[in-house]
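The values are calculated or read from the model by the stated rules, or taken from the named source; none is laboratory data. All figures in this text were calculated on a predicted structure; none of them were measured in a lab. In this analysis, Cβ positions are derived from the backbone assuming ideal geometry, glycine residues included, and neighbour counts consider all displayed protein chains. Just so you know, the surface numbers come from the protein's heavy atoms only, side chains and all, with ligands and any DNA or RNA stripped out. Shrake-Rupley method; radii C 1.70, N 1.55, O 1.52, S 1.80 Å.
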Amino acid sequence: MPISSRRDLLRATAGALAALSSFPAGATRLGAAASAVRTPAQGPELAPAFRISLAQWSLHRSIFGDAIGDWERFRRALDTDPDSVLRGELDPLDFAAAARSLEIDGIEYVNTFFFGRARDRAYLERLRGRADEHGVKSLLIMCDNEGALGDPDEAARIQAVERHEKWLEAAAFLGCHAIRVNAQSSGSFEEQQRLAADGLRKLCEVAERYSIDVLVENHGGLSSHGRWLAGVMSMADHHRLGTLPDFGNFRLQGEEWYDRYQGVAELMPWARAVSAKSHDFDESGDETSTDFRRMLRIVLDAGYSGWIGIEYEGRRLDEREGIRRTRDLLRRLAEELRSTGTSGP
């Protein structure tokens with residue numbers, strides 16, 4: 001996945017409920033189990049809908065600086081000298097302080113920002129201490145660059161599971177409830193479902209030891225195909241497994257996109273976190289590529305009452321300004337939906 005972007009576009013939600021009704025019984029059963037372990041809702045200004053968190057990726061330009069200009073060099077540095085890519089003005093240790101300054105009280109880490117430190121206890125203690133100091137809740141770690149959990153080669157698939165374990169340990173130490181992983185694979189539609197389900201189930205069996213959930217995000221390739229990923233969830237069928245639906249990551253390949261509204265609806269039965277992807281805003285303060293009002297109705301009508309994470313990826317605005325506008329839009333719509341009810345066109 002190129003580090004410089006994490007997917008987007010639009011269409012309609014007609015057919016989403018029909019797609020949901022066609023799920024196997026296991027999907028509904030697992031969805032009910034997921035709702036029982038979701039992060040509690042009820043933020044003071046957002047009751048009864050959801051609370052707002054901040055994905056660390058929203059600040060990636062502030063953390064990486066010019067290091068992401070050469071992607072291949074960047075990837076090599078992650079394995080050899082990960083600290084060398086932190087060339088921006090924001091120290092990853094100050095993420096909690098940045099979230100608090102933006103009036104956000106939940107944070108979602110990205111492993112790329114402390115790639116070589118998953119088992120560095122002193123560093124993790126500092127991260128946890130900063131979160132405690134600023135009164136923010138550590139929610140999850142987004143994990144990339146640790147191998148394909150659906151690799152066709154069984155040995156490589158097992159190795160990917162093993163490489164993710166250190167992030168389960170780190171998540172437990174930081175007080176998170178989950179890690180976010182990718183369902184990357186290759187082969188036919190059905191082969192990739194089977195392989196991804198196998199790798200995810202193996203990882204969930206490891207995650208059980210840490211009492212940490214494993215969440216899959218729609219994140220490119222077939223993982224951005226809502227029906228495909230819903231099938232993977234049903235096949236894997238593990239109570240530690242959930243989804244992290246992202247409003248914008250529905251690019252399948254090239255310029256081929258999956259309907260984002262249908263995709264989110266298809267993934268909500270397993271949702272234990274949600275990502276409010278944003279890029280730009282119009283004069284009314286609405287996001288220009290996703291109808292947030294419509295998305296939030298889908299999310300809330302599914303019975304979700306957990307955290308919704310801001311993931312700003314725009315270029316026109318300063319990162320902090322983009323985060324503020326996303327936050328304000330979510331707050332405004334939470335008030336609107338609270339007063340009018342969530343159901344509607």
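Quick grid of which residues meet (1) surrounded by 22 or more Cβ atoms within 10 Å (Cβ to Cβ); (2) on the phi > 0 side of the Ramachandran plot; (3) at pLDDT below 95:
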{"position": "Ser284", "(1), (2), (3)": "no, no, no"}
{"position": "Ala302", "(1), (2), (3)": "no, no, no"}
{"position": "Trp307", "(1), (2), (3)": "yes, no, no"}
{"position": "Thr340", "(1), (2), (3)": "no, no, yes"}
{"position": "Pro345", "(1), (2), (3)": "no, no, yes"}
Determine which member of the set Leu46, Leu54, Leu59, Leu90 is surrounded by 17 or more Cβ atoms within 10 Å (Cβ to Cβ), part of a loop (DSSP other than H, G, I, E, B), hydrophobic (A, V, I, L, M, F, W, C) and at pLDDT 85 or above. Leu90
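Here is a yes/no grid of residues against (1) in a loop (DSSP other than H, G, I, E, B); (2) farther than 17 Å from Ile52 by Cβ; (3) of a type in the set (A, V, I, L, M):
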residue: Met268; (1), (2), (3): no, yes, yes
residue: Lys277; (1), (2), (3): no, no, no
residue: Gly285; (1), (2), (3): yes, no, no
residue: Ile298; (1), (2), (3): no, yes, yes
residue: Tyr304; (1), (2), (3): yes, no, no
residue: Gly309; (1), (2), (3): no, no, no
residue: Leu317; (1), (2), (3): yes, yes, yes
residue: Leu330; (1), (2), (3): no, no, yes
residue: Leu333; (1), (2), (3): no, no, yes
For region 113-219, give me every one of the helices (runs of 4 or more DSSP H) that falls completely inside it and has 3 or more residues that are in contact with a Gly (Cβ under 8 Å, 6 or more places away or on another chain) and surrounded by 20 or more Cβ atoms within 10 Å (Cβ to Cβ). 154-174, 189-207
Could you count how many residues in region 94-113 are under 19 Å from Ile179 (Cα atoms) and not charged (D, E, K, R)? 9
Residue, surrounded by the fewest Cβ atoms within 10 Å (Cβ to Cβ), within region 103-112, restricted to residues that are of a type outside the set (Val, Ile, Thr) and outside any helix (DSSP H, G or I): Glu103
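Yes/no matrix, rows are residues, columns are (1) assigned to a helix (DSSP H, G or I); (2) open to solvent by less than 10 Å² (accessible area, probe 1.4 Å); (3) modelled with pLDDT under 95; (4) in contact with a strand residue (DSSP E or B) (Cβ under 9 Å, 6 or more places away or on another chain):
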| residue | (1), (2), (3), (4) |
| --- | --- |
| His238 | no, no, no, yes |
| Gln262 | yes, no, no, no |
| Gly322 | yes, yes, no, yes |
| Thr326 | yes, yes, no, yes |
Take the residues in region 242-260 that are crowded, with 24+ Cβ neighbours inside 10 Å and among the small types (Gly, Ala, Ser), then tell me which one is farthest from Asn182 (Cα to Cα). Gly248
